[in-house]
Every structure is written in C-alpha cells, then in structure tokens.
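Trainee: What follows is a structure written as structure tokens; I'll ask about it next.
The values are calculated or read from the model by the stated rules, or taken from the named source; none is laboratory data. What you see is a predicted model; the values in this text were computed from it and never measured. Please note: Cβ atoms are built from the backbone with ideal geometry, for glycine as well, and neighbour counts cover all protein chains shown. Only protein heavy atoms, including side chains, enter the accessible area calculation; ligands, DNA and RNA are left aside. Shrake-Rupley method; radii C 1.70, N 1.55, O 1.52, S 1.80 Å.
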Amino acid sequence: MMTVAEGDLLWEADEDRRARANLTRFLRFLSRRGRSFEGYSDLHAWSIADPAAFWSAVWDYFDIISDGEIEAVMTADPMPRTRWFTGARLNYAEHVLRNERKGDPARAMLHHSSELRPMAEMSWAEVGASVRKLATRMRAMGLGPGDRVVAYMPNIPEAVIAMLATTAIGAVWSSAAPEFGAQTVIDRFSQIEPKLVFAVNGYRYGGKDYARTADLERILPALPTAETLVTLDYLPGAAMPAFGGEVAAWDEMLAGEAPAAFDYARVDSSHPLWVLFSSGTTGLPKPIVHGHHGVVLEHYKSAAFHFEIEPGGALFFYSTTGWMVWNTLMWGPLMNGRAVLYDGHPAHPDAGLLWKIAAESRATVLGVSPTYIQMVRGQGIAPGRDHDLSALQSVMLVGSPSTPETFAWALEAVKPGIWVSSQSGGTEFCSGILAGSPLLPTRAGEIQAPALGVDAAAFDDAGTPVVDQVGELVIRAPMPSMPLFFWGDEGFARYTASYFEEFPGTWRHGDRARFTPGGGAFVLGRSDATLNRFGVRISSAEIYRTIETFPEIADSLIVCIEEPGGGYYMPLFVQMAEGEKLSLDLRSEIFSRLRSERSPRHVPDAVLAVPEIPVTLTGKKMEVPVRKLLLGAAPETVASRDATKNPAALDWFADFAARRQKQG
C-alpha cells in the first residue's frame, strides 16, 4: 500500500464526475435564481450566513409536498426552540414513497438478505402496497397521530414497512435491535409508552441462533401501555412470547388488497416523527425526538449533496435498527434509488461478505466503519479483485475517525478513482455535521468540509473559535433536524444540560475536532465518556446497570479509547467488594451477562481489578479523566485533586496508563 501522510492529496473528481454531481445541478438551479457561487466553500458560506434563504432553496429544489402556507422558514427562537417552515404540514413517508410512480413500479426499491434469508428484492409497488395496507390496518385499530409504535426487529424489509406505515399515519416510531438485551430495551421503550409493539421471535448472528422469546416476556410486561403485539416468525423454531393484549401475526396485518386511496397524515413542524436514543454516561438513554420537517430537509440535502446518490443508485450501509444510520437508509429511495438491507454478522463467514452484497445489489454508495476496513485489511481481502464493483461510486467511512491509511487502502484495494469520504454526524441530528462533496479534493484522513447549512467550528476552553488546533466541536446556529425535544423533558431542562451548558447558546457536540486552514476537519474522538464501540455509540450507564447486580463488585468504571491504528480498547475496571476476588469464573460471568442483557458491543476487552474507583466530590465516576490518562495526557492535567473525593485512586490509573504506553 502507498505510504501516505495526514492531509496528503489523494483524489480529485474528473470533469465528468463534477458535471453530473447533484450539487452541480443545485448550483445551476441557484444560478437561474440569480445566486451564483464559486464552488462548495462559497456555497457553504452563504448557507450559514443566510440559513433561511438556503433552506428555502432546498425546499423548492426538492419540491417538498405540503399543505398550508409557510409562515416562517426559520423562527427567531434560539436553539433548541427554533422551528422550521411553520404553517406548512408535511409527511416523511409520503416523500420516501413519492417515487413509486416515477418509473416502473416493478423496479427494485429494496435489496435485502440476512443469515436466515437469501438475497432478494422488493419492488416499489410491493413496498408501497404493503405500507398502505399496514397503515390502514393500524388506523382501524385506533392508532393515529402522536401514538407511539415500537419495533424489536432486525434490519429487514418488514422493519422498513412498519416504520413507513407508522410515520404515514402520523404515529411516532422507535426501534431497537433484537441483539439488545431486555433491560436495554425496557430502558428505552418504557420512557415513551408505546401502544403497539412489532417484534421478531429471534435472529441469527454469526451462524448462531438467538431466540428472543424470554426477553420479550420480560419486555412486554414493562410496557403497560402496549395494547397490541404484532409478531413476525423470523427465526424458525423459536416460540412466540405470551402477551395479555391483542396479538396479530405480521401476515395477518398485511392480508387483503391495498386500499384504492390513501391519505398521508401531514403534520406541523412540531410534530414528532420518531424517537432515537442517544447514549449517555448516567441515567436512562436520552429519548431524542425528531420532526418530519427537519428530517425531510436534512435527508434530501445529505442524500443528494453529501452522499451524491443518483436516481437509480443504491445506498448500502451496514447497520442495525438500534443505530441512527438505519434511519438514513431511505436516502436511496428519497433520491428515486434503492436501499440495500442486511441482517447478520458483517464478517461471517469472512470480512468479504459486505463487498459480496455490494456487488450483488450493484450498490453505488457503500457506508462502512473504519474498524470494518481494518478487519478486511487484516484478512488480506482485496474487494476490487474479488468482486464486481463496477457500479460502486463511493465509499463512506462513518462511525469513527478514519486514518490516512484507511483512505489510501480504499483507493488501492476497492477501486481506482473511487470517491472515499469520511463524514461525521450524530444521532442527535440523524444527519451529518462534517461531510463531503466530489467538488472538493480528498485528503488522507481528512473530512472534506462542514456540511451545507451547518455552522460548525472548534472552540477552545474559553469558547473562542480555533483553527489548526484541537478544540470542542460546536454548532453555532440551528439546524432543521436538531431534536425538537427529549421525550418527557419538561422545559428543555435535560436537552439544555446535555448540549448548551458549557457554551450557552452554542451546541457542544462532545467530539474533539481540528479544522484546517483549507476548510477541512479531523475528528479526534469523543471528549466525553460516551463509549464509541466499533463505530457505534453505546451507554456506559447500561453497562453499570448490569455490573451493579453483582454482589462481588463494589463499584466499576468503563471507558473506550480510539487506538492509533484505528481500533478500540474498552477496559472495564472493577473495585471488588470486601473479601472478594476477581476470579476467571467471575470474569466469564461478566462477559456472558453483558452479552445477553445488553449486546455483544457492550462486552469489554478486559476486566481489571482496581483498588478504588475515582469519583468527584459529588460522587460521580471520573470517566473522562481516566479516558484522558489512557490517551496519554499528563496526570496533573486531567483533573484537580481538590475536586476528587479520593485523589489517590487516580494514581493507580496514571500508573496503569504509563505502563500501557511503554508496552506500545
């Protein structure tokens, strides 16, 4: 592989690629309206200087379907109370399915496969009819705008259909992957009080079957508002759970003919679309509520201008239904293209699997994590040699920071001339903060630019913007897909504390970032204690809730750090109860419990006994200082000993970090 250094120029689009880019078409559209721009940077500057004009142009360019008169493109309310396109009513599902009749309805909309199902297709006509049938049945059951509907389902067509049907009638969607243990699901769904639950009876992962009957029999009683359970017999031989309310099979819900006419529930700018759950270090996961207006606008913008999905193209992201990336898979259909779904282990039987799926589905945009690329490289797989990737136009590196070597490998091993882009966003927006465009050059390890309409910067500790030095990634102005609110959060109290406490009036995202003088950026990892495990954020609080049930353990602390080679190290430190020792059997039980109660991603790389867990004067675990120590920070810089209840406890971690640094 070529030797590269950070920031080396690796790729520039040829004239043909630039000419047919969606963003080039948008620039021509703006020019016809009397606004001319000298490329991406000039356009971005306008998009943040006059956001109302920019988003109004996006609304018109994508011909947003709505009722009512627009009162304000962007209200004067400060973050997080800003609302967009007030007075207009629209529906997310209607925009996803609007392309059903823009072409042959029999053409593919979804390519899907799993460890239980071979590769197959669903047409626009099949998906559209299924959504309308299911939505009509849900309305007949009394479900409507504002009612919550949840799913314990994998990344399969039935989950997409259930999501689109739910949002089509104005109900509020939320999903969890079936790999999540019962308590993890309860912690999420119990907060939003669902009326209907979709669930599978199990799944297959890595060649092993996992029944979910027992988990569902714990979950369902913890959701007393749930009136109906819709079951999908996905794992052969697994029993269906007992449930005291109404039970309907998936096939029963879709029986009969699709209605001749169907009305989408067009809703106002404050109406919830779905609830995503973001990881946190304390308490229950944050129930983040997005609206139809913001998601429709941001998803059109991202799909067209930052992922450059063309009509007929196909987006393939490896994801589970518990990650916000799953909610972006409809970017393909939004652009009159296709989505590729896969449920299963990404490297079973080997790490060439996702490339095989990309080839079979003729994916044009492939999204994977840098950690997965490391796995592929480690197995000596050369995707471009082993598979027909002639349709593939771009590889998106998402979920964690990418190294220069990852960029170079993709250009050499996947396809010469392919657009490799590292992009960074968040569950909070279900969209991107730092993004890319083929109108910009690709440099090794570097994110090309802030996303259009996103006023992103790095702040130093004093709240001053800095360039070419590491700071806190912040957003200085509202975005349409910022959360409407957190479910049950009176007066925006938790919302404000989560993102606006450190820099009042400015969104602090929780990542360390460095912006270059040329406009690019590097994301250097999490600045808080949220765990980034193989590109997926998980909550330390979920791990603590399991560990706290072990009587042998008095206290615990977990961190995750990004390693220089692109991997992760996630150790769990435990303070043993008096008279107890950390035995091999106890370690095994910890691994097993975390895997079954939470998910495989919650299993640490190591369990280490420590004399004492460091805590603040108010008793909070000092995760951030420990993480900083493991990243190489000097002990005197990570925390004030005066602010530590047991300062000697940090000394053990400082010694541990120093030993680990010496070992390389």
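Trainee: Among the residues that make up region 640-647, is at least one of them under 18 Å from SER556 (Cβ atoms) and either part of a strand (DSSP E or B) or at pLDDT 90 or above (or both)?
Mentor: yes
Trainee: Same structure again: Please go through region 558-589 and pick out each residue that is of a type in the set (A, V, I, L, M, F, W, C) and over 19 Å from MET375 (Cα atoms).
Mentor: ILE558, VAL559, LEU572, PHE573, VAL574, MET576, ALA577, LEU582, LEU584, LEU586 - these are the residues of region 558-589 that are of a type in the set (A, V, I, L, M, F, W, C) and over 19 Å from MET375 (Cα atoms).
Trainee: Can you tell me how many residues in region 124-140 are open to solvent by less than 50 Å² (accessible area, probe 1.4 Å) and either in contact with a strand residue (DSSP E or B) (Cβ under 6 Å, 6 or more places away or on another chain) or closer than 21 Å to SER174 by Cα (or both)?
Mentor: Final tally of qualifying residues: 10.
Trainee: Additional query: State yes or no: is ARG83 open to solvent by 30 Å² or more (accessible area, probe 1.4 Å), out of contact with any strand residue (DSSP E or B) (no Cβ under 7 Å at 6 or more places or on another chain), without any contact (Cβ under 8 Å) to a residue 40 or more places away in the chain and over 21 Å from ALA456 (Cβ atoms)?
Mentor: no
Trainee: If you don't mind, another one. When region 354-364 is examined, which residues are found to be in contact with a strand residue (DSSP E or B) (Cβ under 8 Å, 6 or more places away or on another chain) and open to solvent by 10 Å² or more (accessible area, probe 1.4 Å)?
Mentor: GLU360, ARG362, THR364
Trainee: Still on this model: State whether the residues of region 601-608 include one that is assigned to a helix (DSSP H, G or I) and modelled with pLDDT under 95.
Mentor: Looking through region 601-608, at least one residue is assigned to a helix (DSSP H, G or I) and modelled with pLDDT under 95.
Trainee: Only one residue in LEU411, LEU392 is in contact with a strand residue (DSSP E or B) (Cβ under 9 Å, 6 or more places away or on another chain), assigned to a helix (DSSP H, G or I) and not aromatic (Phe, Trp, Tyr), so which one is that?
Mentor: LEU411 is the lone residue from the list that is in contact with a strand residue (DSSP E or B) (Cβ under 9 Å, 6 or more places away or on another chain), assigned to a helix (DSSP H, G or I) and not aromatic (Phe, Trp, Tyr).
Trainee: Could you grab me the full set of residues in region 365-381 that are crowded, with 23+ Cβ neighbours inside 10 Å and more than 14 Å from SER402 (Cα to Cα)?
Mentor: VAL365, LEU366, VAL376 - these are the residues of region 365-381 that are crowded, with 23+ Cβ neighbours inside 10 Å and more than 14 Å from SER402 (Cα to Cα).
Trainee: Right, another one. Would you be able to tell me the number of residues in region 176-215 that are open to solvent by 20 Å² or more (accessible area, probe 1.4 Å) and in a strand (DSSP E or B)?
Mentor: Final tally of qualifying residues: 6.
Trainee: Restricting to region 109-123, what's the tally of residues that are open to solvent by 20 Å² or more (accessible area, probe 1.4 Å) and assigned to a strand (DSSP E or B)?
Mentor: Going through region 109-123 one residue at a time, the tally reaches 4.
Trainee: Continuing with the same structure: Which one is surrounded by the most Cβ atoms within 10 Å (Cβ to Cβ), of the residues in region 464-514 that are among the acidic types (Asp, Glu) and part of a loop (DSSP other than H, G, I, E, B)?
Mentor: ASP489
Trainee: Can you pull out every residue in region 38-56 that is charged (D, E, K, R) and either modelled with pLDDT under 95 or loosely packed, with under 12 Cβ neighbours inside 10 Å (or both)?
Mentor: Answer for region 38-56, where residues must be charged (D, E, K, R) and either modelled with pLDDT under 95 or loosely packed, with under 12 Cβ neighbours inside 10 Å (or both): just GLU38.
Trainee: Another question, then. Answer yes or no: is there a residue in region 619-637 that is at positive phi, buried (at least 17 other Cβ atoms within 10 Å of the Cβ) and part of a loop (DSSP other than H, G, I, E, B).
Mentor: No, region 619-637 has no match at all.
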